[in-house]
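As structure tokens, the structure follows; a few thoughts come after it.
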Amino acid sequence: MNSKNFQDLVRSSRTHRRFAEDELLCHGDLVALVNAARFAPSGNNMQVLRFHIVSEPAERSAVFPRLHWAALLRDWNGPAVGERPAGYIAICAPKAVAANPICLIDTGIAAQTIALAAASRDLGCCIIKSFDPDVNDVMGVSAEGYVTELVLALGVRGERVVLETSEGEHGLAYWRDAEGTHHVPKLPLEDLLI
Ligand SMILES: Cc1cc2nc3c(=O)[nH]c(=O)nc-3n(C[C@H](O)[C@H](O)[C@H](O)COP(=O)(O)O)c2cc1C
């Protein structure tokens, strides 16, 4: 992959929150994404994170209502039936180290690695930090001594997402237009350099 292809991949790796729910992902599709995260860096190479895959319909239905979607889209309650994710990957940390900053950094790196792996397959991904704590019990990770750090919702993309500059009327707030296109403002490069 050359640098232009890499830039294109990163640009295409947008948050998607609406999916083609009837286009299923199998357990193996999600395992393949975790396999990309297996090679991600981790603090002291401790590799403490574990990944719980949700692909079965009953567990998907139990996880979905515990997730909080798009706080800035105030008149939208999350994906409707038919638009919901085809599966989830929960990134989990051992309870004893879950609050350790190194562990949280590892989690972010793993999440972005999975998001890029999903984008490379033209799949949509939404990294979710806002969820009800009992999602741990629903997925059975508490019983294993783990706590969920992030949930990644995944599926075939069911919405159009475009990047734009942050100099417009919306500032940094993502927004959805009348046609349903989701807009994501990003800062110009010169604002990032200090
Ligand atoms: C650490 C983190 C937590 C996030 N949590 C949520 C969440 O709880 N619910 C949600 O709908 N989106 C969540 N997002 C997605 C962000 O809203 C999204 O990344 C942001 O709007 C920018 O869009 P982009 O990913 O397309 O660049 C989260 C993203 C990150 C990185």
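Each value in this text was obtained by applying a stated rule to the coordinates, not by laboratory testing. Source: prediction; values computed, not measured. Heads up, the Cβs are rebuilt from the backbone with ideal geometry, glycines too, and the neighbour counts pull from every protein chain shown.
Going by neighbour counts of Cβ atoms within 10 Å, the residues Arg157, Arg50 line up, fewest first, as Arg50, Arg157.
Among His170, His52, what is the fewest-to-most ranking by other Cβ atoms within 10 Å?
Least crowded to most crowded, the residues run His170, His52.
Kindly list the residues of segment 141-169 that lie in the label zone of Arg74, defined by a backbone N under 18 Å from the point 7 Å along the Cα-to-C-beta vector. Counting backbone N atoms under 18 Å from the label point, the list is 169.
Among the chymotrypsin sites (Phe, Trp or Tyr not before Pro) in segment 2-66, those located in a DSSP loop and surrounded by at most 10 other Cβ atoms within 10 Å of their own Cβ are Phe39.
Average 1/r across all pairs of distinct alpha carbons in segment 5-146, invert it, and you get the Kirkwood radius: 15.9 Å. If the segment from Asp137 to Cys26 were pulled out straight at 0.36 nm per residue, it would be longer than the present Cα-Cα gap by 37.7 nm.
Segment 133-194 and segment 91-126 have Cα centres separated by 13 Å. With the helix formula -39500 (n - 2.57) applied to DSSP H stretches of n ≥ 4, the chain reaches a computed 222 nm mean residue ellipticity of -8500 deg cm²/dmol. From least to most packed, judged by other beta carbons within 10 angstrom and beginning with the fewest, Lys129, Lys95 follow the order Lys129, Lys95.
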